[in-house]
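Asks: Dropping a structure here in structure tokens format, bear with me for questions.
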Amino acid sequence: MPDDGLPFSPACLRNQDPILALLRRWLAPNARVLEVGSGSGQHAIHMARHLMGVRWQPSDRQESLAGLAGRIALEGQDGLAPGAQVAPPLVLEVSQPHWPTGPFEAVFTANTLHIMPAAAVPHLLAGSARVLASGGLLLVYGPFRYGDRHTAPSNGAFDAHLRSLDPAMGVRDAEALLAEAAGLGLHLLADEPMPANNRLLVLRKGNEGRGG
Ligand SMILES: C[S@@+](CC[C@H](N)C(=O)[O-])C[C@H]1O[C@@H](n2cnc3c(N)ncnc32)[C@H](O)[C@@H]1O
């Protein structure tokens, strides 16, 4: 763990390479990426160090911005992949109307859906649908339930823990999420298994979903 006094997530360190491997597959060259709920900023830095030409826009709620901005100021210029950029972070609370205009080729978010209130999740989907270019991708990393079943007992325990802290938090149901997303023109392209019982859902803005 670095001793720079900035927020640091051990989970990010563990999941950043598996996520990178899939972003390499899914992101178009030189993609403009809006990250929602960037937290410590580790994903922003890691992806921009490895994805040539990527233009990464981190964001988070006001209360998380100082730490995030500190990380980007400290590390956001050094060792980036050729042509890659990390922009100064934006304040973005998904339920508020002030989303960046875009267009973005991708919206990426990791481990945010179970933290934000359930009522905020449709705003995340609607905002993403607004700012994505046609054919752009929404990539959502984290734990999910399917048909109200957890994919592992540890995810069930995590869900119960979150709900005990705040009933508005909790592991989201992938099928309900995908139904809501489809109504906004975001269709499932892939549901990738990830380490530690997480998933990466890949949705595309447009008509052609998986098998389409
Ligand atoms: C568990 S952290 C994950 C941070 C980072 N993406 C990661 O993978 O380590 C959850 C993040 O979601 C953000 N978040 C929660 N509710 C949000 C909302 N309504 N709008 C935008 N971001 C939100 C928090 O500020 C926090 O940075």
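The values are calculated or read from the model by the stated rules, or taken from the named source; none is laboratory data. Note that the structure is a prediction, hence the values are computed from the model and not measured. Positions of Cβ are backbone-derived with ideal geometry, glycine not excepted, and every protein chain shown enters the neighbour counts. Heavy atoms of the whole protein, side chains included, go into the accessibility calculation; ligands, DNA and RNA do not. Shrake-Rupley method; radii C 1.70, N 1.55, O 1.52, S 1.80 Å.
Asks: Between ALA119 and HIS98, what is the label-point separation in nm under the 7 Å Cα-to-beta-carbon projection?
Replies: For HIS98 paired with ALA119, the spin-label model returns 2.1 nm.
Asks: Go through the stretch 105-212 and name the trypsin sites (Lys or Arg not before Pro) that are in a DSSP coil and have 16 or fewer other Cβ atoms within 10 Å of their Cβ.
Replies: ARG210
Asks: Report the percentage of all Cα-Cα pairs in the stretch 15-130 whose separation exceeds 22 Å, rounded to a whole percent.
Replies: Values: 1865 of 6670 pairs.
In whole percent, the share of Cα-Cα pairs in the stretch 15-130 beyond 22 Å is 28.
Asks: Could you state the per residue volume, in Å³, of the convex hull enclosing the Cα atoms of the stretch 114-170? Spell out each step's value before the answer.
Replies: On the way: hull volume 5.2 nm³, N = 57.
Looking at the stretch 114-170, the number lands at 91 Å³ per residue.
Asks: With a cut-off of 20 Å, note down the residues of the stretch 39-63 whose backbone N falls inside the zone around a label point 7 Å from the Cα of LEU22 toward its beta carbon.
Replies: Once the point is set 7 Å along Cα→Cβ of LEU22, 39-52, 54-59 turn out to lie under 20 Å by backbone N, inside the stretch 39-63.
Asks: In whole angstrom, how far apart do the alpha carbon centroids of the stretch 136-192 and the stretch 89-106 sit?
Replies: 21
Asks: Rounded to the nearest whole Å², what accessible area per residue is found for the chain with the 1.4 Å probe? Write down the numbers at each step before the final one.
Replies: On the way: 9680 Å² over 212 residues.
Accessible surface, normalised per residue, equals 46 Å².
Asks: For the chain, with a Gaussian network of springs between Cα atoms less than 10 Å apart, report the residue from GLU192, GLU63, GLU105 with the top mean-square fluctuation.
Replies: Residue with maximal mean-square fluctuation among GLU192, GLU63, GLU105: GLU63.
Asks: Need one number: % antiparallel among DSSP beta bridges in the stretch 10-205, to the nearest 5.
Replies: In the stretch 10-205, DSSP labels about 45 percent of beta bridges as antiparallel.
Asks: What number do you get for the stretch 127-212 when its Cα radius of gyration is normalised by 2.2 N^0.38 Å, N = residues? Could you put the intermediate results ahead of the total?
Replies: Working: Rg = 13.9 Å, N = 86, 2.2 N^0.38 = 12.0 Å.
Computed over Cα atoms of the stretch 127-212, the ratio equals 1.16.
Asks: Roughly speaking, to the nearest percent, how much of the stretch 10-205's 1.4 Å accessible area is carbon and sulfur?
Replies: Within the stretch 10-205, the accessible surface is 57 percent carbon and sulfur.
Asks: Roughly how big is the stretch 10-205's charge dipole about its Cα centre, with Cβ charges of +1 (Lys, Arg) and -1 (Asp, Glu), in debye to the nearest 20?
Replies: The calculation lands at about 340 debye.
Asks: Here is a follow-up. Kindly state, as a whole number, the per residue volume in cubic angstrom of the convex hull around the alpha carbon atoms of the stretch 21-67.
Replies: In the stretch 21-67, the Cα hull volume divided by residue count equals 70 Å³.
Asks: How large is the helix-only mean residue ellipticity at 222 nm for the chain, computed as the sum of -39500 (n - 2.57) over DSSP H runs with n ≥ 4, divided by its residue count, in deg cm²/dmol to the nearest 500?
Replies: The helix-only estimate for the chain comes to -10500 deg cm²/dmol at 222 nm.
Asks: Taking the convex hull of the Cα atoms, report for the chain its projected area averaged over all directions, in nm².
Replies: Mean projected area of the Cα convex hull: 11.2 nm².
Asks: Note down the net charge around LEU68, summing +1 for each Lys or Arg and -1 for each Asp or Glu among other residues with Cβ under 12 Å from its Cβ.
Replies: Summing Lys and Arg as +1 and Asp and Glu as -1 gives -2.
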